[in-house]
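The values are calculated or read from the model by the stated rules, or taken from the named source; none is laboratory data. Just so it is clear, the model here is predicted, and its values are computed rather than measured. With ideal geometry, Cβ positions are generated from the backbone for all residues, glycine too; neighbour counts draw on all protein chains shown.
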Amino acid sequence: MRRSARQYPLLGLCVQVIPVKPFKAFQIGQQGSSAPVGRFVQMDETLLDAGDVLIRVEFSSVNYKDALAASGKGRVVRRFPCVGGIDLAGTVVKSAAPRFQPGDPVIATGYEMGVAHHGGYAEYALVPGGWVLPLPPGLSLQDAMAIGTAGLTAAMAITRMENNGLKPESGPLIVTGASGGVGSLAIDMLAGRGYEVVALTGKPEQADWLRSIGAARVMLRSELQLDAIKPLEKGIWAGAVDNLGGAVLAWLLSTSKPTGVVASIGLAADSALNTSVMPFVLRGVSLLGIDSVYAGFGVREKVWSRLSGDLRPRHLAAIARLVPFDELPNVFDNLIAGLARGRTVVQIALSGNTKETS
């Protein structure tokens, strides 16, 4: 084992990285003008990015952003090479951040990880302490990655909507992109809070599964008349969590009830929005933008507290599947093609801090 060490300054702090054996990582690289390509490589501690918390990564997850980055089908990665994975959960090995001690179970999601800073698809990660949270009470590391960025986004949307007056008695809610990670977790959480949740999906074969995780009713996207959306249609929805954008988001706004709240969290269908001000000025509808990537530490702390409490998903075992690290490349294409369901957790390393996803 190499005995050298390297120091990484950050905000006046530094961590002296203890030597570790060469470790496995899934790295995204690019040569010339060719599309980025992800592949497994061997790294050592000298190749880690700047940070003050060294983490032995035990679990990560696969988000739509991860699939875009690894497949080269989205201009997501901002520097090459870069270890993929915007989520990670593991155990602290060394820390210059006073909040953490060796052996602490921790999680980190978003910020620059997986796009401009080496992320969670490696057996070790060195990250700034401000990106790291203690593992919330009552969750295992595997649970935390079954939730991950998708669950954090869904929970942020629910929190914002409730802060804007949404209550179970307000009326029905609709979740679009229902069979995806954010959609399925949003359905589970909202139903657990007592809301009547309608799942909108393009996959009729997932209807029974969506009902099993909490959907009161399932609508198919093919049922919508999106080519002739009126500025105001019959008010149906007290709230909506939208993963799609485009015409679907315009339809949600036009069919919102007075004082309805719509959380926009994705653009899987279209980044454009062609709508009218009428829902906002005649019905008092609120359109809430949700960004979980750069959300502040205080927001993350509060939302993760809810994720281990009143918003803890009840059907994680049905929503999330576990794959070994070696199978990671096989996951991306299905996710981009819309063939995946729920969440995919990646087991990077074995740990005594895990348990069955509940």
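Descriptive notes on the structure:
- Subset of region 284-294 [surrounded by 15 or more Cβ atoms within 10 Å (Cβ to Cβ) and either out of contact with any Gly (no Cβ under 7 Å at 6 or more places or on another chain) or under 18 Å from residue 345 (Cα atoms) (or both)]: 286, 287, 288, 290
- Within region 322-351, considering residues that are farther than 16 Å from residue 145 by Cβ and outside any helix (DSSP H, G or I), the one modelled with the highest pLDDT: 341
- Residue within region 88-98 that is within 21 Å of residue 345 (Cα to Cα), within 14 Å of the chain's Cα centre (by Cα), modelled with pLDDT of 95 or more and not assigned by TED's automatic domain parsing to the domain that holds residue 180 present: yes
- Among residues of region 145-174 that are among the acidic types (Asp, Glu), none has a beta-carbon under 8 Å from a residue that is at pLDDT below 95 at least six positions away or on a different chain.
- Filter pass, residue 314 being at pLDDT 95 or above and in a loop (DSSP other than H, G, I, E, B): yes
- Qualifying residue in region 214-234 (condition: in the same structural domain as residue 191 (by TED's automatic domain parsing), surrounded by 13 or more Cβ atoms within 10 Å (Cβ to Cβ) and closer than 21 Å to residue 68 by Cβ): no
- Any hit, region 254-261, residues being free of Cβ contacts under 8 Å to residues at least 24 places away in the same chain and surrounded by 15 or more Cβ atoms within 10 Å (Cβ to Cβ): yes
- Take the conditions (1) among the small types (Gly, Ala, Ser); (2) in contact with a Phe, Trp or Tyr (Cβ under 9 Å, 6 or more places away or on another chain); (3) more than 20 Å from residue 193 (Cα to Cα); residue 320 misses just one of them, which is (2).
- Residue match in region 183-196 (condition: under 25 Å from residue 296 (Cα atoms), surrounded by 20 or more Cβ atoms within 10 Å (Cβ to Cβ), in contact with a His (Cβ under 9 Å, 6 or more places away or on another chain) and outside the structural domain of residue 266 (by TED's automatic domain parsing)): no
- Just one of (1) at pLDDT below 95; (2) surrounded by 14 or more Cβ atoms within 10 Å (Cβ to Cβ) fails for residue 319. It is (1).
- Condition met for residue 52 (closer than 15 Å to residue 344 by Cα and either out of contact with any Pro (no Cβ under 8 Å at 6 or more places or on another chain) or crowded, with 23+ Cβ neighbours inside 10 Å (or both)): no
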